[in-house]
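Read the structure below first, then the notes.
The values are calculated or read from the model by the stated rules, or taken from the named source; none is laboratory data. Here the structure is a predicted model, which means the values were calculated and not measured. Cβ coordinates were reconstructed from backbone atoms using ideal geometry, including for glycine residues, and neighbour counts include every protein chain displayed. Ligands, DNA and RNA are stripped out before the accessible areas are found, and what is left, the full protein with its side chains, is counted by its heavy atoms. Shrake-Rupley method; radii C 1.70, N 1.55, O 1.52, S 1.80 Å.
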Amino acid sequence: CFHVFKGLIKWINLVFLYNTILQGNVEIMTHFFLPSGLLWGVGSSAYQTEGAWDKDGKGPSIWDAFTHKKGKVFRSETGDSARNGYYKVKDDIQLLKELKANHYLLSISWPRIMPTGIKTEQVNEKGIQFYNDTINSLLENNIIPIVSLYHWDLPQVLQETYGGWQNISTMNYFNDYANLCFEKFGDRVKHWITFSDPWAVDVKGYDTGEHAPGLKPGECSAYKAAHHIIKAHAKVWHSYNDTWHSEQQGMVGISLTRSWGEPIDPHSQTDKAAAERYIRFHLGWFANPIYKGDYPEVMKNYVGKKSAQQGLGTSRLPTFSVQEKTYIKGILDFLGIPILLFPFLQVPSYNTDYDLAELVDPKWPAPGPKWLYSVPWGFRRLLNFIKTQYGNPLIYVTENGVNQILGMTNIGNKFNRIISILFTALNDGVNVKGYTAWSLLDKFEWNEGFSERFGFYHIDFKTKNEPRHPKASADYYKKIISANGFPNPREVDNWYREAMDSCSTTHQHLATGNCAFCSVLEKHII
Ligand code: BGC
C-alpha cells in the first residue's frame, strides 16, 4: 500500500504521522517513580458530558445546532443528554476520588453561562451556580480544578450573527466571558486553559467541516479563524495579567495540538524538510505566534506561494502588525499538550498548503479507530522539540488516552508506556508538571457520536440512569497514581491481574461476549 501510494505521489514529500509513539529502538522502563508534586488527573469537556442542552437557561451552542442536523454525526447522535453530567456532579466526583485523581480538567460551556455569548445581553445565574457547585465539590474532595474556557461549544448566536471565529468581534465577546469566569471562579480556579486544541477547532470546524460549525473552504477560512483565536488567547491572557493575576495568582495557558511527523526516509533531505514543515503547520501555527510573535516562516512561505498560484493578491494566511506581534508574544504561563491524533483530508485548503503526504507506519499499534496510534517515542520527541524551540516552557499533558470501538475486544490502554516515556522526557529536562488521562467517562465523541469509548468508567447507555462502572484501567491508573510511578515489575504484574480480576468479578454480566468493557489494559512490560 505504501509503495503504491508513494509511486502515485512522487512530487510531494512524505511524513509519517504519529501521536503517542514507540518502536523497538527505545527502551521502556519497568521501574521508576515520577518526581513528587506531579499532578495526576483525568479530564472531560462540557458538551461531551453535561447534557441538559436546553435546561436552566442554557443557550444553544454550535454543537447543538450541528448535531441537530441529520447525518452530521455517526447515527445522527447528539449530546443533548450526553452523559447527564449536569445532574451527576456529585456522583462523578466520587469517581474521581475513587481514581485518586488530584486534578480534574473540565471545560465551561460558554452558552450555559451566557446564553447568546454576549455578556451585556444576558448572564445565566443558574449556569454560574452549576460551575460554582462543581468547583466547590471538587475542592472539598481535594481535587484541583483545571478549567478550559473553550472546548469547542461556541454560542450558536455568535455563529449565526457574526460567523463565529471568522469574525474578530468574537474575540471581544470571548474576553468578556473569560473575565466573567475569572471574576466568579478565579478565587478558586488557578489553572486556566483559554482554548482546548484550537487546531481542531479551525481545521475540523472551518476546513474539513467534520465538526461544528461544519464549514468548508470557500465558505470561510481556517487561517482567519485561527488568527482570531490566537488574538483572543492573547487578549484573555493580558486581561488576566492586568486585572486578576495579582489577586488570584493563577496561570493562563493554552492546550495545543499534539501532532508530530517523522520523515519516511530519514536520509532524505526533502522528507526531513517535509516532516519539519508538518510540525510547523500544526504545533507551530499556534505555538510560534505565542512564543515568538509570528507564524513560522515556512508557513508564511508556503501559504503565500499557494495563494499567488491561485491568483490571489495577498496570502490567505493573515499577518500580524508590529504591535500585535509584541502583544501576542510570550503570553503563556503554561502549555497544554494533548496526545491524540486526528486524520487529515486532502482537500484544496490548509491541508494541501503544506505539500506533503501523510502516511501511517503499519508497524504502529492501532488500538481502535483509524486516527489513533500508540507511538510513545514521538511524544518524547514532541516534548523535546517544544523544549528546544520554545524555551523549555512549563507543560501539562492535557489529554492522553485510547478508545474502544464499539464491540471490539482486547483493546490495550497504552498509558503505561506513555508514562514511562514521560519519565524519560523529564530526565531529558523537559518541564512537565501534570498528566491528564482522557477521559473520566465514556461520552459523546463529536462526529463519532457514542461509538467510541474513551472513559475509565463504562457507561451503560441502555440502562435508565446510565450507571457508571469502572473498567480495569480505572483500578490500574489508581495504582499508578498511588505509587507515583511503577514499583518493581512483579508488583506491576499484580496490579494488572488485580485490575482484570476486579473488573471481571464486578461485571460478569458484561464480560460475557463483550470483553471491550474489561480488557482495557496492556501490560507494562513490553
Ligand atoms: C478532544 C476530546 C476528544 C478526544 C477523542 C480530543 O482531541 O479534545 O474532546 O474526546 O479528542 O475524540
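Condition check for Glu448 on (1) open to solvent by less than 30 Å² (accessible area, probe 1.4 Å); (2) within 12 Å of the ligand (Cβ to nearest atom); (3) acidic (Asp, Glu): one failure, at (1). I'm trying to understand the selection: among the residues of the range 94-108, which are surrounded by fewer than 19 Cβ atoms within 10 Å (Cβ to Cβ), outside any helix (DSSP H, G or I) and not basic (Lys, Arg)? Residue satisfying the conditions is Asn102 alone.
Within the range 54-65, does at least one residue satisfy the condition of being within 16 Å of the ligand (Cβ to nearest atom) and surrounded by fewer than 17 Cβ atoms within 10 Å (Cβ to Cβ)? So far as the range 54-65 goes, no, none of its residues is within 16 Å of the ligand (Cβ to nearest atom) and surrounded by fewer than 17 Cβ atoms within 10 Å (Cβ to Cβ). Within the range 66-93, the set of residues being out of contact with any Phe, Trp or Tyr (no Cβ under 9 Å at 6 or more places or on another chain) and either open to solvent by less than 30 Å² (accessible area, probe 1.4 Å) or not in a loop (DSSP other than H, G, I, E, B) (or both) comprises Phe66, Ser76, Gly85, Tyr87, Lys90, Asp91. For the range 139-161, residues that are assigned to a helix (DSSP H, G or I) and either surrounded by fewer than 24 Cβ atoms within 10 Å (Cβ to Cβ) or among the polar types (S, T, N, Q) (or both) total 7. Does Asp176 fit the bill of being part of a helix (DSSP H, G or I) and either without any contact (Cβ under 8 Å) to a residue 40 or more places away in the chain or crowded, with 24+ Cβ neighbours inside 10 Å (or both)? No: the conditions fail for Asp176. Within the range 466-499, being polar (S, T, N, Q) and either open to solvent by less than 10 Å² (accessible area, probe 1.4 Å) or outside any helix (DSSP H, G or I) (or both) holds for Ser473, Asn484, Asn488. Checked across the range 217-233, the condition of being away from the ligand (no atom under 16 Å from the Cβ) and among the polar types (S, T, N, Q) holds for at least one residue.
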